[in-house]
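All of the numbers you see were taken from the coordinates with simple rules; none came from a lab. What you are looking at is a predicted structure, and each value in this text was computed from that prediction instead of being measured. Note that each Cβ is placed from the backbone with ideal geometry, even for glycine, and that neighbours are counted across all protein chains shown.
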Amino acid sequence: MARTLTIDIWGLDWYIESTTKGDDEAYEFPLIGNYSVVDGKITHLHDYMLSEKLLKRCVEFGGPFLEHCSFVYIPRNKDGELVQKDGKVIEGDFIDALVFIYKEFEKKAKNG
Amino acid sequence: MPSILTRLLKSKNYEKMSLDQLIDEYIALYAKNAQSNFNDLLSELMIFLEKYDQNISPETVESIFASKIASSSMSAVPNSAVLIPLIYEKSMLEGITAPKVTVQFGAADERAIKALESRMMWVGNDSSKRTQEKLKSIFADVYEGKYTHDELMQALRENFAQYADMEVQKLKVAADFNLRQGRNLGTLSRAIEQGDTYVQIVAKMDGKTTNVCRSMHLRVIKVATLKKQLDAIVNATSVDAAKEASNLSFSKIGVWSATPPPNFGIPPYHMGCRTIIRQMSAEQVERMSLDEFGREYEILDKATYDKIRTKQDHLSASKLKSVEALEKETFGSIAKEGVHANDPTKRVIWGSNGFMGILDKNGKIETIYKPKKGLDAFHDTTNEVYFDKLEQSFKAKVKKWLGL
């Protein structure tokens with residue numbers, strides 16, 4: 001059964017989070033703000049802004065980024081409060097989730 | 001009594017008006033009520049326009065509003081202490097596209113301008129009396145509002161037709177430097193006259209901003225520390241003395257000390273510099289948080305504060321108990337600083353505590369977090385590192401060893 005993680009976009013910081021604790025410190029991973037991997041599975045990602053360069057880096061790394069999951073996204077309003085009614089679920093791998101975040105930032109930039 | 005805005009809304013079909021027409025109409029109504037407070041009126045207009053068209057930035061509105069009032073012949077528009085600095089700041093930061101400034105300059109400005117006109121600097125090799133007289137006359141015209149900075153080039157071209165284009169360009173750069181220095185000296189003189197204790201340096205942040213301007217951006221400086229340089233510039237009697245007093249020696253390396261070096265601090269810091277001085281009240285300075293080099297920083301908003309307080313990669317990655325303590329620790333000991341790779345208006349700061357802070361062009365903190373791969377993440381986020389404490393201290397040691 002596919003794992004469920006959450007996507008959170010707060011200002012220009014973004015997070016992909018799970019409830020799994022712990023971290024395989026020795027796991028080789030591409031350069032990204034913050035990450036945790038447990039048993040070869042991504043349990044936490046965070047960075048500020050999301051560039052094409054970072055997206056390509058993750059695509060090239062493949063591996064854990066290709067795991068199919070459900071990503072629950074609940075947007076925040078300008079005050080940082082979660083707007084439950086606008087929530088959605090993205091089915092796909094971590095690359096799909098990152099592309100979704102990238103597009104959300106594009107939308108944000110467009111709307112000022 | 002209904003507000004001007006209420007009267008405008010009732011009397012006109014504002015939805016069909018362009019922004020330009022709307023501001024014209026507003027100013028016309030404003031002129032009839034010139035006793036009202038300028039700030040209140042401007043705020044009122046801003047709030048309204050935010051609802052009217054979300055694509056218009058407050059800066060745009062402020063700029064259009066200021067330029068329209070500045071070029072207006074309406075006698076009812078007050079020559080207020082609020083309006084003049086506003087126009088100054090907008091026109092200086094927005095560069096050569098700035099509006100004509102037709103408001104009268106104060107006595108402090110006139111003295112500074114007169115002092116500048118008493119000697120010409122960096123005008124190529126031609127220092128003949130005739131050239132100087134021509135330049136003085138053009139400068140006077142700019143100050144009186146006959147030319148915008150845009151039109152200055154054309155005026156120089158016409159007056160110096162015998163020069164090659166390159167020479168005219170050089171003259172333009174020199175003239176622009178003098179005009180900007182004159183206006184900054186004017187602001188500083190006014191601050192001294194009004195008994196202000198501090199001024200703040202404000203740079204225009206973009207991909208063209210130099211290291212020195214980034215290092216000085218939002219720095220709060222005691223007026224007294226600039227007095228010596230002010231006197232040296234105003235009293236310079238030769239081109240060499242004026243050059244020395246203007247002190248352009250930090251343009252590449254920037255200024256990385258809590259107190260600026262003696263004889264330094266008044267912009268412009270280099271040719272083509274767009275940095276300005278802003279007057280500050282002591283009350284404003286008291287409320288500010290300043291980084292290691294005396295530059296203002298502030299958390300962007302409550303949402304950003306909450307994010308740093310609650311999310312795991314931020315405050316909880318440190319041993320500190322409050323966001324304020326994390327800010328102070330990060331910005332109180334800066335190890336490196338650079339330009340954000342995706343947005344040159346943002347500064348990326350690497351604190352000695354291993355946290356990375358990202359500030360927008362107004363010195364507002366957008367995030368502070370501890371990247372897992374440390375400095376590699378900092379270098380990946382920046383495309384130019386213009387301050388490195390370790391490198392500077394190494395260079396200083398080498399200089400000492402070499403007895404330089």
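Quick look at the values:
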item	result
Value of Rg to Rh for region B:265-376 (Rh from inverse mean 1/r over Cα pairs, i.e. Kirkwood)	0.99
Cα coordinate range in region A:44-112, projected on the principal axes (Å, largest first)	36, 24, 18
Dimensionless Rg/Rh of region A:13-85 - Kirkwood Rh, Rg from C-alpha atoms	0.99
For region B:206-346, radius of gyration divided by Kirkwood radius, i.e. Rg to Rh on alpha-carbons	1.04
Distance violations [Cα-Cα > 19 Å] among A:LYS56/B:LYS336; B:LYS307/B:LYS328; B:LYS222/B:LYS336; A:LYS110/B:LYS204; B:LYS208/B:LYS346	A:LYS56/B:LYS336; B:LYS222/B:LYS336; A:LYS110/B:LYS204
Per-selection Kirkwood Rh - region B:343-404 (Cα, Å, 1 d.p.)	13.2 Å
For residues of B:301-313, the mean tally of beta carbons on other chains within 10 Å	5
Table column - 3J(HN,Hα) (Hz), region A:28-41, Karplus curve with 6.51, -1.76, 1.60, x for Gly and Pro	6, 9, x, 5, 8, x, 9, 7, 9, 10, 10, 6, x, 10
Principal axis box of region B:216-270, alpha-carbon based, largest edge first, Å	31, 25, 15
Under-5 Å amide H pairs with B:TYR269, H placed in peptide plane, nonlocal only	B:THR275
For peptides B:197-205, A:63-71, sequence by mean Cβ density within 10 Å, most packed first	B:197-205, A:63-71
Principal axis dimensions, largest first and in whole angstrom, of region B:186-280 by Cα	35, 32, 22
Residues whose placed amide H lies under 5 Å from that of A:THR43, excluding near-sequence neighbours	A:SER36, A:VAL37, A:VAL38
Across A:LYS103/B:LYS389; A:LYS53/A:LYS88; B:LYS373/B:LYS400; B:LYS319/B:LYS364; A:LYS85/B:LYS372; B:LYS228/B:LYS389, pairs whose alpha-carbon gap is larger than 31 Å	A:LYS103/B:LYS389; B:LYS373/B:LYS400; A:LYS85/B:LYS372
Environment charge at A:ALA26 (Cβ cut-off 14 Å; Lys +1, Arg +1, Asp -1, Glu -1)	-3
Taking region A:31-112 and dividing mean pair separation by its residue count, relative contact order in percent (alpha carbons under 8 Å, at least six apart)	24 percent
Phi to ³J(HN,Hα) by Karplus 6.51 cos²θ - 1.76 cosθ + 1.60 over region B:209-221, Hz, x for Gly, Pro	5, 7, 4, 5, 5, 5, 5, 9, 4, 6, 6, 9, 10
Nearest-ten-degree value, helix A:52-61 long axis tilted from longest Cα axis of chain A	30 degrees
Shielding of A:73-84 by partner chains, average beta-carbon count, 10 Å	2
